[in-house]
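A.B. asks: First the structure, then my questions, so here it is.
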Amino acid sequence: MKDYQAWADEYSKQLATLYDADESKQLFLLAYSFISHKKPLHYALERHMPVADDIANQFLHMLQELQRGRPIQHIIGEADFFGLRFKVNEHTLIPRTETEELVDWIMKEYGNTRDLSILDIGTGSGSIAITLSKHLPHARVEALDISKDAIAVARDNAARLGVQVNFIEADVLEWDSFMQDSQRYTVIVSNPPYITPNEQAQMHINVLQYEPHSALFVEEHNPLLFYNVAADLAKKHMEHQGALFFEINQYLGQQTLDLLRKKGFEDVRLRKDLNNVDRMICAKMIF
Ligand SMILES: C[S@@+](CC[C@H](N)C(=O)[O-])C[C@H]1O[C@@H](n2cnc3c(N)ncnc32)[C@H](O)[C@@H]1O
């Protein structure tokens, strides 16, 4: 009978072609926590304990799924974002740590604003909208996505996390046809699709094969499509003291900045993420 340490070693060995040593260790700890219903820290206490057959079967099954490249968040059906647990599936992007930094920026800039109204464009699992609603309970939050299945997951997440968000199934490219003229938002935020097909070669199999391409990719010849459209929407529907917040393609920082300035936005700020690449933009409009 193997002990837990032996299973950890097995994960490192079998996943070496897909993940580096640290990632494999993290994956094992997540698997351990999910299977044993204990905190990952608990592993240190029982690493030399024998693993019962039914638990061993679960470790093996999860390892086989991981070897296929399936993301652990899809296997366990959940992902952590900003200290909250979100249900995710094949219809939703797995929320990323760089997006937590964008949410943090919004909270620092607008956390104390009264009468706050927020629109999240391309909400996916609802991670941005729900986190903002949870931390800024006075805010009125709306979120839209073109994917009916993503909206269903987002609604479920809002209910589980006990927040009120108005979810709308809609195509942002058609915003002018469904948004009421009088609608105004203080914060308009979006992490839209921004990866060009050329970048696929650098992407991990677990993203390419398992995450929805409609959430990831834009056409090579028009990579800023969603920024262009969201900026036009913001020009009409953003409040005077409001701001537009975008997560961006790390290679298109300057182009996105130029686009926003050309459209008349001012105080346009580009920020790097923890990996030190251009990752987010805040833009305001002086009316
Ligand atoms: C990069 S994902 C972001 C998901 C989530 N906001 C996050 O940060 O984890 C982009 C989202 O935009 C949605 N989307 C793609 N095209 C859209 C469109 N034309 N209108 C509205 N949403 C769209 C996708 O379904 C996807 O959920």
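A.B. asks: Mark the label point 7 Å from the Cα of residue 108 along Cα→Cβ and return the residues of region 247-265 whose backbone N is within less than 18 Å of it.
C.D. replies: 247-248
A.B. asks: At 1.4 Å probe size, put 1, 285, 49 in order of accessible surface, largest to smallest.
C.D. replies: Details: 1 165, 285 20, 49 95 Å².
Most to least solvent-accessible, the answer reads 1, 49, 285.
A.B. asks: Please find, in a Gaussian network model of the chain (springs between Cα atoms separated by less than 10 Å), the residue of 150, 201, 234 whose mean-square fluctuation is greatest.
C.D. replies: Per the Cα network of the chain with a 10 Å cutoff, 201 tops the list.
A.B. asks: Whole percent per 5 Å bin, from 0 to the bin with the longest distance: what is P(r) over all C-alpha pairs of the chain?
C.D. replies: 1, 5, 11, 15, 16, 15, 12, 9, 6, 5, 3, 1, 0, 0, 0
A.B. asks: Checking the cross-link filter: which lysines have an alpha carbon closer than 28 Å to that of residue 13, excluding same-chain neighbours under 8 positions apart?
C.D. replies: Output for residue 13: 2, 25, 38, 39.
A.B. asks: Right, something else. Take residue 173 and residue 23, extend 7 Å from each Cα along the Cα→Cβ direction, and tell me the distance between the two endpoints in nm.
C.D. replies: Here the answer is 3.2 nm between the modelled labels.
A.B. asks: As a test of the formula, what do you get for the chain when each DSSP H run with n ≥ 4 contributes -39,500 (n - 2.57) and the sum is divided by the residue count, at 222 nm and rounded to the nearest 500 deg cm²/dmol? Kindly include the intermediate steps, with their values, before the conclusion.
C.D. replies: Working: 13 runs with 123 residues, N = 287.
Counting only the DSSP helices, I get -12500 deg cm²/dmol.
A.B. asks: A further question follows. For helix 21-36, report the angle its Cα long axis makes with the longest principal axis of the Cα atoms of the chain; keep it between 0 and 90° and round to the nearest 10°.
C.D. replies: So the helix axis and the longest Cα principal axis differ by about 80 degrees.
A.B. asks: Which FRET efficiency, nearest 0.05, do residue 146 and residue 220 yield, Cβ-Cβ r, R0 22 Å? Don't jump to the answer; show the numbers that get you there.
C.D. replies: Numbers: r = 20 Å, r/R0 = 0.92.
Rounded to the nearest 0.05, the efficiency is 0.60.
A.B. asks: Taking the Cα centre of the chain as origin, sum charge times position over the Cβ atoms of Lys and Arg (+1) and Asp and Glu (-1), and report the length of that vector in debye to the nearest 20. Working shown, then result.
C.D. replies: Values: 29 positive and 41 negative charges, 132 e Å.
With only Lys, Arg, Asp and Glu charged at Cβ, the dipole is about 640 debye.
A.B. asks: For region 37-77, what is the charge dipole size about the Cα centre, in debye to the nearest 20, if Lys and Arg each add +1 at the Cβ and Asp and Glu each add -1 at the Cβ? Please report the intermediate quantities before stating the final value.
C.D. replies: Numbers: 5 positive and 4 negative charges, 42 e Å.
Taking the Cα centre of region 37-77 as origin, the dipole is about 200 debye.
A.B. asks: Right, here's the next one. Got a sec? What order do 160, 47 fall in by accessible area at 1.4 Å, biggest, i.e. largest, first?
C.D. replies: Values: 160 135, 47 85 Å².
If we order 160, 47 from most to least accessible, we get 160, 47.
A.B. asks: Connecting C-alpha atoms closer than 10 Å in a GNM of the chain, tell me which of 62, 179, 238 has the biggest fluctuation.
C.D. replies: 179
A.B. asks: Quick one: pull the percent of accessible area on the chain belonging to carbon and sulfur, 1.4 Å probe, ligands and nucleic acids left out. Don't skip to the answer; put the middle values down first.
C.D. replies: Values: 6920 of 14220 Å².
Accessible surface attributable to carbon and sulfur in the chain totals 49 percent.
A.B. asks: Oh, and also: Probe of 1.4 angstrom, ligands and nucleic acids ignored: what's the accessible area per residue over the chain, in square angstrom?
C.D. replies: On the way: 14220 Å² over 287 residues.
Counting only protein heavy atoms, the per-residue value for the chain is 50 Å².
A.B. asks: Charges on Cβ only, +1 for Lys and Arg, -1 for Asp and Glu, centred on the Cα centroid of the chain; of 190, 215, 241, which one is farthest towards the dipole's positive end?
C.D. replies: About the Cα centre, the residue reaching furthest to the positive side is 241.
A.B. asks: I would also like to ask the following. Round to the nearest 10 and give me the degree value, 0 to 90, for the angle of helix 4-14's Cα axis relative to the longest principal axis of the chain.
C.D. replies: 60
A.B. asks: Using the basic label-point model (7 angstrom from Cα toward the beta carbon), what is the residue 14 to residue 251 distance in nanometres?
C.D. replies: Going from the residue 14 label point to the residue 251 one covers 3.5 nm.
A.B. asks: Work from the charge dipole of region 90-284 (Cβ charges, +1 for Lys and Arg, -1 for Asp and Glu, about the Cα centre) and give the residue of 268, 204, 255 farthest towards its positive end.
C.D. replies: Of the options given, the answer is 268.
A.B. asks: If I take the Cα coordinates of region 4-68 and project them onto the principal axes, what are the three extents in Å, biggest first?
C.D. replies: Sorted largest first, the three principal extents are 28, 21, 17 Å.
A.B. asks: Give me the percent relative contact order of region 90-284, please, defined on Cα pairs under 8 angstrom at least 6 residues apart.
C.D. replies: On the way: 353 pairs, mean separation 39.7, N = 195.
Computed over region 90-284, the figure is 20 percent.
A.B. asks: Taking the simple approach of a point 7 Å from Cα along Cα-to-Cβ for both residue 96 and residue 235, what is their distance in nm?
C.D. replies: 2.8
A.B. asks: Still on this structure, I have one more. Quote the FRET efficiency, to the nearest 0.05, computed for residue 276 versus residue 58 with a Förster distance R0 of 25 Å and r equal to the Cβ-Cβ distance. Please report the intermediate quantities before stating the final value.
C.D. replies: Details: r = 38 Å, r/R0 = 1.53.
Step by step, r from the Cβ atoms, then E = 0.05.
A.B. asks: Here's something else I'd like to know. Give me the percent of DSSP beta bridges within the chain that run antiparallel, rounded to the nearest 5.
C.D. replies: On the way: 15 of 34 bridges.
Around 45 percent antiparallel, to the nearest 5.
A.B. asks: Select from 34, 265, 245 the residue whose mean-square fluctuation is largest in a Gaussian network model of the chain (Cα-Cα springs shorter than 10 Å).
C.D. replies: So, out of 34, 265, 245, the one fluctuating most is 34.
A.B. asks: What is the Cα radius of gyration of region 128-287 over 2.2 N^0.38 Å, N being its residue count?
C.D. replies: Values: Rg = 16.1 Å, N = 160, 2.2 N^0.38 = 15.1 Å.
So region 128-287 has a normalised radius of gyration of 1.06.
A.B. asks: Something else: Please name whichever of 29, 19, 61 sits farthest to the positive end of the charge dipole of region 4-68, dipole taken about the Cα centre and charges placed at Cβ: Lys and Arg +1, Asp and Glu -1.
C.D. replies: 29
A.B. asks: Tilt of helix 148-161 relative to the longest C-alpha principal axis of the chain, in degrees (0 to 90, nearest 10)?
C.D. replies: Around 80 degrees separate the two axes.
The values are calculated or read from the model by the stated rules, or taken from the named source; none is laboratory data. Worth saying up front: this structure is predicted, and the values here are computed from it rather than measured. Heads up, the Cβs are rebuilt from the backbone with ideal geometry, glycines too, and the neighbour counts pull from every protein chain shown. When the accessible area is computed, the model is the full protein with side chains, heavy atoms only, and any ligands, DNA or RNA have been set aside. Shrake-Rupley method; radii C 1.70, N 1.55, O 1.52, S 1.80 Å.
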